[in-house]
Structures are given as structure tokens and as C-alpha cells.
Amino acid sequence: MAFPKGFVWGGASAAYQIEGAAAEDGRAPSIWDVFCEQPGRILDGQSGAVACDHYHRAPEDVALMQRCGYKGYRFSTAWPRILPEGFGRVNEKGLDFYDRLVDDLLAHGIEPYLTLYHWDLPALLQQRGGWLNPDSPQWFAEYAAVVARRLGDRVKHFFTFNEPQCFIGNCYVNTDHAPGLAYPQRDVLQMMHHVLLGHGLAVQALRATVPGAGVGFVPTGSANYPVAETPENIEAARSAFFAVHDNWAWSIGAWCDPVLLGSYPPAFVERFGSEMPAHWQDDLKTICQPLDFLGLNCYNGHPVESDGAGGYRFSPRKVGYDRTAVKWPITPKALYWGPRFLYERYKKPIYISENGLSCADVISLDGKVHDPNRIDFLHRYLLELKRAAGDGVDVRGYFHWCVTDNFEWNRGYAERFGMIYCDFETQQRILKDSAYWFAEVARTNGENL
Ligand code: GCO
């Protein structure tokens, strides 16, 4: 059992969660800037206005990434920093920041992996209807082309969307995330289709601008796993993983099948066809562009067993099950079965584009940040990922979520997911114990696990 040669060990982040400088150098508001100003939306009324001040501290952060042993860094570009109105006028200063960041990464031997959309839609586009507007796919493709033209000579790995399940399912179905507006199901299905179409058009724009670029897509979902690894339970867990369920926006198959197989899952069409956009079939060819890899944001899953009649049922978690500081369950097997199920269905190389946990990290009396829970969590999960690699799953890399502690959406700054501690008052960074541990894992390519 071993990770493949050239496996990419790295960290991930997202523009709105770390950059700050929300109104600097021509950046316009995103839907998250607007959302954070609405009373009661964000814990303690916080926002990403300053966050980790990464916009001003990127050189320091890149040097710290190198000390974490990173060979890859997955970050997102902020659409409203680059195209303040969402399309048309380019804010060159916004692009200049990413220019400098990419050069700095490469100078430190760290490969940039660029996510185009990590939820920060320009507010002016939301005013035009956001993803409901039939022009939204073109808006996204134009943004992709602008980014690729400036950075594509040095950035060779792109992801189009981060977690559409979240930025559609959490924003227009339940309304915990920006813009926090509930829409009728028919409209949300239309938004989903526009996002998928935007993905396809953006892939075409990237291919036209950066020949030879690697392009992917980042779904997420509960990586359900067999409670015991019998053929029946494995089949049951696979069915549960791809099921089109009531909370359909969170179905991983509903998003990945159109992108990778060129069709919505039959169960999806059966259930929602009457409310899906007219002529949706006509767009499938554009949506299903050849991709080079698939990301997977994988944190946990649910134990599943066969119902004995060809179906599945969720098994109860054990009383007092292990959980993280944000109360998510700790389920290392998710990082075996999630990549395995995805690889078996879509036959694309897999990057774990996010995995990690929040811990109640503090600066101890010795001035260090001891995070044994994070080390244990990562050790257990990485052993499972290593097992998947050994069983033939084509895993290409692992990006820890997150590089530094940061703005955790509606949880504000209450959760610390970073491998690097961030004092949000002083902006001091401190490598946690897990950073040194991870550097050794990266150096030995996981041999020391
Ligand atoms: C997500 C997002 C990240 C989160 C992280 C912890 O997966 O929800 O990509 O932005 O901050 O997952 O919740």
C-alpha cells in the first residue's frame, strides 16, 4: 500500500474566507459581503472584510505553506476582485494580486491549483438574478477566460466550481448561506442547470486559452460507507452515495452525472423532469466536456447497510460517536469509499480537494499550538486514502482544509480548520503541531503513516 509517485500534498483555501481587503484595489462586493451585513446571518455579526488579511500577507503565507511541506496549493480567485460588475470591465489590480501569488507559489516549488468559483458571486450579478439569469453561464465563461488569459501561462490546473451542492443547496433551498433567498424548486432546478452549463462553457474557454491545462470540478457529499465490508453492504453504500434523495441539491450524482456522463441520473429526471428547464437535453453536450480529474471535498459519511431486499438503510451511529469541534462525525472510512465510489463510476483521477476538521485550538503556555486531535484525524483518514490508492483508485493529491484558520461562513471565526493558527486580532500566524507532522508525511509521501 503506497501513495503514487508524484502524489501532490497540499493545502486549500477560498478567497472570501482568507483574503480580506474586501473593498481594496477595485474589488466590488460579493453576495457574501452583502449577506454578512444582514443582522443575524453570521455568528457574532462577523464577516470576511479582513479575515486572515491574506491579500496583504500572501508572501508570508506562501513561505509558511512551504514549511508545511506543501507541493500544491488550491486557492480560489475572487470574481468581484477581477470583474467588479461581473462581466465586461476587468480590474487589472485584482488580477495583479493573483499574478504575484502564482509567481510566489512557483518560486517556492508549490504548484497552483485554481478554483474559479468558491461562492463569492459579484453582488451586481445577483441583482440581475444571479444563477437564475439565462446569461449566467456566459458570465461565468467570460470570467474563466479572463482569469485563464492572465494566469494560464503558469497555472495548469483549474477547478470550475467548488461544491455546487452547497452554493445552490445551502443558499436557495435552505438559506444558511449567501444570498440566503429561498426560491421555488423550479427556479432552483433552473439555477442548477445554468451552473452546469456555465461549467461546460468555462471548460471550453479554459481549453481554448490554456491548451494542455488540467481541468476538473469539485463536488462534495456524504461519503457513505458500508458498516461492514460485505458485497451487499458495499452495494448498499454505493446506492446511498449516488442516490437522488429529498434534499436533491445535495445529491452528488445529480451534479456529477451531467458533467461526466452527459446525462442527469434517470431517477432525477423521473422525479423532477416536469419542473426541469424546457429543452434541458439540448445543453447536455455542452455541459459534458472532457475533464482531466475530479476533486472531492470529503469530511465524513454515514454508515450504511443492506436492507436485505436490494436496497439500503442508514445504520445508527454509535452512542457518543467521535466528532470534531464543529460536531461533524469522524469517519475515516469515508476517505476510502468516497474516492473509490467516485472513481468506479466516473473513471477520472481524483484529488481530495478538501479534508480536515475544526479543533478547539489555542495557543498553549509554551507559545505553541498543540493539535493532537487533528494529527490523529489526518492519520486515520490518510491511512484510508492510502488503502484506496493500494486498491487501484487513481488518487493524485490531497489538499488539507485549511491552510490557515479562517472565516467559516455563517460560523464566523468560531471554527479553526487551519494547519496554521491565525490570531485574528494581531494576524500572527503559528504553525500548529500538525503542520510539522504533515510536512513529514509529505516528505515521505505517506510512507511514515
Ligand atoms: C466547504 C467549503 C469550505 C468550508 C470547509 C469547512 O466544503 O464547505 O469548501 O469553504 O470552509 O469545508 O466547512
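The values are calculated or read from the model by the stated rules, or taken from the named source; none is laboratory data. Model, not experiment: these values are computed from the prediction. Every residue, glycine among them, receives a Cβ derived from its backbone with ideal geometry; neighbour counts consider all protein chains shown. SASA here: full protein model, heavy atoms, side chains in, ligands and nucleic acids out. Shrake-Rupley method; radii C 1.70, N 1.55, O 1.52, S 1.80 Å.
Evaluation of Gly356 against the conditions (1) open to solvent by 20 Å² or more (accessible area, probe 1.4 Å); (2) within 12 Å of the ligand (Cβ to nearest atom) shows that the sole unmet condition is (1). Would you check which residues across segment 372-413 are touching a residue at least 60 places away in the same chain (Cβ under 8 Å), away from the ligand (no atom under 16 Å from the Cβ) and of a type in the set (Val, Ile, Thr) and list them? Within segment 372-413, Ile375, Val395 qualify. Mind checking whether some residue in segment 419-430 is among the basic types (Lys, Arg) and either more than 29 Å from Glu19 (Cβ to Cβ) or open to solvent by 10 Å² or more (accessible area, probe 1.4 Å) (or both)? Yes.
Just to verify a result, which residue in segment 27-52, among those that are open to solvent by less than 40 Å² (accessible area, probe 1.4 Å) and closer than 22 Å to Glu92 by Cβ, is nearest to the ligand (Cβ to nearest atom)? Checked segment 27-52; the qualifying residue nearest to the ligand (Cβ to nearest atom) is Ser30.
Selection of segment 270-301 for residues being crowded, with 16+ Cβ neighbours inside 10 Å, part of a helix (DSSP H, G or I) and either in contact with a Lys or Arg (Cβ under 8 Å, 6 or more places away or on another chain) or of a type in the set (A, V, I, L, M) (or both) yields Leu284, Ile287.
Only one of the numbered conditions (1) farther than 23 Å from Pro339 by Cβ; (2) open to solvent by less than 10 Å² (accessible area, probe 1.4 Å) is violated by Val215, and that is (1). Is it the case that Ala442 is open to solvent by less than 50 Å² (accessible area, probe 1.4 Å), away from the ligand (no atom under 16 Å from the Cβ), among the small types (Gly, Ala, Ser) and touching a Cys at 6+ places or on another chain (Cβ under 8 Å)? Answer is yes for this residue.
Restricting attention to segment 359-373, the residues that are acidic (Asp, Glu) and buried (at least 23 other Cβ atoms within 10 Å of the Cβ) total 2.
Inclusion of Tyr312 among residues that are touching a Ser or Thr at 6+ places or on another chain (Cβ under 9 Å), aromatic (Phe, Trp, Tyr) and more than 16 Å from the ligand (Cβ to nearest atom) is warranted.
When both residues are 6+ apart or on different chains and their Cβ atoms are under 8 Å apart, which pairs have a first residue that lies in segment 93-109 and is within 17 Å of Arg149 (Cβ to Cβ), and a second that is open to solvent by 50 Å² or more (accessible area, probe 1.4 Å) and charged (D, E, K, R)? Every condition considered, the pairs that remain are Lys93/Asp25; Gly94/Asp25; Leu95/Arg150; Asp96/Asp25; Phe97/Asp25; Tyr98/Arg150; Asp99/Arg150.
Among residues of segment 195-222 being among the polar types (S, T, N, Q) and away from the ligand (no atom under 16 Å from the Cβ), the one that is nearest to Leu291 (Cα to Cα) is Gln204.
The number of residues in segment 223-241 being of a type outside the set (Gly, Ala, Ser) and either part of a loop (DSSP other than H, G, I, E, B) or at pLDDT below 95 (or both) comes to 4. The numbered conditions (1) farther than 26 Å from Ser263 by Cα; (2) over 20 Å from the mean Cα position of the chain (by Cα); (3) of a type in the set (Val, Ile, Thr) are all true for Thr286 except (1). Would segment 414-430 turn up any residue that is over 16 Å from Gly11 (Cα atoms), within 14 Å of the ligand (Cβ to nearest atom) and basic (Lys, Arg)? No: zero hits.
Of all residues in segment 249-263, exactly one satisfies the criterion of being assigned to a loop (DSSP other than H, G, I, E, B) and more than 18 Å from Lys348 (Cα to Cα), namely Ser251. Exactly one residue out of Val244, Val304 is in a strand (DSSP E or B) and closer than 28 Å to Lys327 by Cβ: that is Val304. With the condition kept exactly as written, say whether any residue in segment 88-108 is open to solvent by 10 Å² or more (accessible area, probe 1.4 Å), outside any helix (DSSP H, G or I) and β-branched (Val, Ile, Thr). Yes; the residues of segment 88-108 include at least one that is open to solvent by 10 Å² or more (accessible area, probe 1.4 Å), outside any helix (DSSP H, G or I) and β-branched (Val, Ile, Thr). Among the residues examined, Asn224 qualifies as under 18 Å from Gln165 (Cα atoms), buried (at least 19 other Cβ atoms within 10 Å of the Cβ) and polar (S, T, N, Q). On inspection, Glu270 fails the criterion of being of a type in the set (D, E, K, R), touching a residue at least 40 places away in the same chain (Cβ under 8 Å) and over 17 Å from His302 (Cβ atoms). Looking at Phe217, Phe167 in this structure, which one is in contact with a helix residue (DSSP H, G or I) (Cβ under 6 Å, 6 or more places away or on another chain) and of a type outside the set (A, V, I, L, M)? Result of the check over Phe217, Phe167: Phe217.
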